[in-house]
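*Asks:* Below: one structure in structure tokens.
The values are calculated or read from the model by the stated rules, or taken from the named source; none is laboratory data. This structure is a prediction, so every number in the text was calculated from the model and none was measured. Here the Cβ positions follow ideal geometry from the backbone for every residue, glycine too, while neighbour counts run over all protein chains shown. Each accessible area value is taken on the protein alone, full model and side chains, heavy atoms only, with ligands, DNA and RNA left out. Shrake-Rupley method; radii C 1.70, N 1.55, O 1.52, S 1.80 Å.
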Amino acid sequence: MRPLLALLLAGSAALPSPALAQPADLAAVQEQLAAMQAEIARLTAQVAELKAREEARETAPAPVTVAAAATPAPATPAAAPAPAIAWKGAPEITAPGGWSFKPRGRLQLDSAVVDAPSGAGNGLGTGTEFRRVYMGFDGTLPGGFGYRVEADLANSSVELTDVYLTYKASKEVTLTVGQHKPFWGLEEMTSDLFTSMMERAAFNSAFGFERRVGVSGTYSGKNLIVQLGVFADNAADLNADRNNSNSVDGRVVFSPEVAGGTLHLGGSAHFRDFNDATNTSRYRARPFVHTTDVRLVDTGLFSASGERSFGAELAYVAGPFHATAEGHRITSLRPGLPDPTFWGGYVELGMLVTPGDKTAYRGGAYDRIRPAHPITAGGIGAIQLNARYDRIDLTDGTIVGGVQQAVGLSAIWIPTDYVRFLVNYGHLWIDDPAVPAWTDPDVQADTVGVRAQVDF
């Protein structure tokens, strides 16, 4: 606008002065002057209008810009949490949704000597064996399901042990289908990894306590466990058409806290019908170790259609101390003949002598002892000493299988959670032994055994 004003002033300065104009030209000059004045007026009006517009623009509020709604970008799916790996003797893999998987296994290498009178053949004396070589895996599935598959590979053979599927129906109730133990009793339900002697009491093997295929349920409350199941034969026996036995097995355990420890009161009942093509029974036991196949007490085969048995359990656990007493009574059913009854039992005392170590008990059975001062932390591990009296009586009426008594001592060193070394000594008295060459009705024998064990 300022250049336009300067131009107007310059134009007006260039106009001819009226005093200098000639008369002839006066009319023309006046006419030109009038035209220029009109033009100046028009230009002045335009300048005023432009100035007003400029002032209006300067005082007007800034326009509000409304941004267009942005289209949301597609959501990126959240990455699934990675599986977690924990170490529990072996890697345990867990994933969201209830998935888990863990390999499992155990190795037990035994060596033992049985010192007894000659005449039993080559079965006694010194022997060495892989007592157990278990390999398998277990885990959980979505929906409250669990599983375990395990086999014993010892001595170049394969034998299925635990093979089952579980369902957690509630916090207290678990259902199981497959091959598992029919709730025999305290020591049999305790894993062989945690027993106080190299072998369980004689009646456990003599009465045929084994895993069988079946379906069962377990109620586990604060102080009460109730177990009940229906079973057929062992998985290996089911391959033969002649093996069609069935049984009903149950167990109840009450374990209240008493005087700073846990009192274990238990009982079990078992009713089995053979339903086999050839119905026979046989009860026999080894001499306190497993490295020999010679049985010093043995009923031999006899006819029977089934069996009924009952077990009683009593134990007390307090800190490093434990005391156990257990017995089992079995009757063979022989239609038309007397039903013989056999029984076995043991009593035991044990103590962990290393500071801070405690006997482990959980779920109606003894559990893994974890050293308070393992060798991995500069300690010596846990040391447990145990003493036991064991008896089995396989004589009743016309069936004379003999009576075996044993006093056993054991020392167990547990350097870490998953490694054990055991030393066993046993002195045996056998009445009416099953070895024909032993003409003396009363025989004594001694056994010494050692075991190296690792599991994961």
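*Asks:* By how many degrees, between 0 and 90 and to the nearest 10, does the Cα long axis of helix 26-59 differ from the longest principal axis of the chain?
*Replies:* Taking the Cα atoms of the chain, the angle to 26-59 is about 20 degrees.
*Asks:* Around ARG251, under 11 Å between beta carbons, what's the net of Lys plus Arg minus Asp minus Glu among the other residues?
*Replies:* -2
*Asks:* Sticking with this one: I'd like to check one number: the per residue accessible area of the stretch 365-414, probe 1.4 Å, reported in Å² as a whole number.
*Replies:* I get 42 Å² per residue for the stretch 365-414.
*Asks:* Let me spell out the model: positive unit charges on the Cβ of Lys and Arg, negative unit charges on the Cβ of Asp and Glu, origin at the Cα centre of the stretch 320-428. What dipole size does that give, in debye rounded to 20?
*Replies:* Details: 9 positive and 9 negative charges, 49 e Å.
Here the stretch 320-428 has a charge dipole of around 240 debye.
*Asks:* Net charge within 13 Å of SER332 by Cβ-Cβ distance, Lys/Arg positive one each and Asp/Glu negative one each, not counting SER332 itself? Write out the running numbers ahead of the final one.
*Replies:* Values: positive: ARG272, ARG282, ARG308, ARG329, ARG334; negative: ASP273, GLU307, ASP339, ASP396.
With Lys, Arg at +1 and Asp, Glu at -1, the neighbours total +1.
*Asks:* Can I ask one more? I need the peptides 224-234, 404-414, 349-359 ranked by packing, meaning the mean over residues of other C-beta atoms within 10 angstrom, with the highest value on top. List each step's numbers first, then the result.
*Replies:* Values: 224-234: 18.8, 404-414: 20.5, 349-359: 17.1.
Going by the mean number of other Cβ atoms within 10 Å, highest first, we get 404-414, 224-234, 349-359.
*Asks:* Hey, another quick one. Keeping the other protein chains in place, figure out the carbon and sulfur percent of the accessible area of the stretch 71-167, with a 1.4 Å probe.
*Replies:* On the way: 3700 of 5730 Å².
Roughly 65 percent of what the probe reaches on the stretch 71-167 is carbon or sulfur.
*Asks:* May I pose another question? For the stretch 197-289, report the accessible area per residue in Å² (1.4 Å probe, heavy atoms, rounded to an integer).
*Replies:* Numbers: 4020 Å² over 93 residues.
Averaged over the residues of the stretch 197-289, the accessible area is 43 Å².
*Asks:* Relative to the first principal axis of the alpha-carbon coordinates of the chain, what is the inclination of helix 2-13, with its axis defined by its Cα atoms, in degrees from 0 to 90 and to the nearest 10?
*Replies:* Between helix and principal axis, roughly 10 degrees.
*Asks:* Moving to a separate point now. Net charge within 12 Å of TYR425 by Cβ-Cβ distance, Lys/Arg positive one each and Asp/Glu negative one each, not counting TYR425 itself? Could the numbers behind the result be given before it?
*Replies:* Values: positive: ARG388; negative: ASP115, ASP446.
Taking every Cβ under 12 Å from that of TYR425, the sum is -1.
*Asks:* Another question, if that's okay. Quick check for you: with a 1.4 Å probe and neighbouring chains kept, what is the accessible area per residue of the stretch 75-139, in Å²? Kindly include the intermediate steps, with their values, before the conclusion.
*Replies:* Values: 3770 Å² over 65 residues.
Counting only protein heavy atoms, the per-residue value for the stretch 75-139 is 58 Å².
*Asks:* Also, I was wondering about something else. Looking at ASN223, ALA411, PRO433, which one has the Cα that reaches farthest to the positive end of the dipole of the chain (charges on Cβ: Lys, Arg +1; Asp, Glu -1)?
*Replies:* Comparing the listed Cα positions along the dipole, ASN223 ranks first.
*Asks:* Could you derive backbone 3J(HN,Hα) for the stretch 407-414 from the dihedral phi with the Karplus parameters 6.51, -1.76 and 1.60 (θ = phi - 60°), listing whole Hz in sequence and x where the residue is Gly or Pro?
*Replies:* Calculated HN-Hα couplings, in order: 10, x, 10, 9, 10, 10, 10, 10 Hz.
*Asks:* How high is the relative contact order of the stretch 130-252, given as a whole-number percent (alpha carbon pairs under 8 Å, six or more residues apart)? The partial results should precede the final answer.
*Replies:* Numbers: 232 pairs, mean separation 22.6, N = 123.
Worked out over the stretch 130-252, it gives 18 percent.
*Asks:* Here's another thing I want to ask about it. Kindly rank 255-262, 278-285 from highest to lowest mean number of other beta carbons found within 10 Å of each residue. Let's see the in-between values first.
*Replies:* Numbers: 255-262: 12.8, 278-285: 18.9.
Descending packing order for the listed peptides: 278-285, 255-262.
*Asks:* In the stretch 358-456, what percent of the accessible surface is made up of carbon and sulfur (1.4 Å probe, ligands and nucleic acids excluded)? Don't jump to the answer; show the numbers that get you there.
*Replies:* Details: 2710 of 4410 Å².
The computed percentage sits at 61.
*Asks:* Using the per-residue mean of other Cβ atoms lying within 10 Å as a proxy for protection, in what order, highest first, do the peptides 177-186, 442-451 fall? Numbers along the way, then the final one.
*Replies:* Details: 177-186: 22.7, 442-451: 18.3.
Most protected by this proxy first, the peptides run 177-186, 442-451.
*Asks:* Give me the count of lysine pairs in the chain whose alpha carbons sit under 27 angstrom apart, restricted to pairs 8 or more positions apart or on different chains.
*Replies:* Taking the chain as the scope, the lysine pair count is 17.
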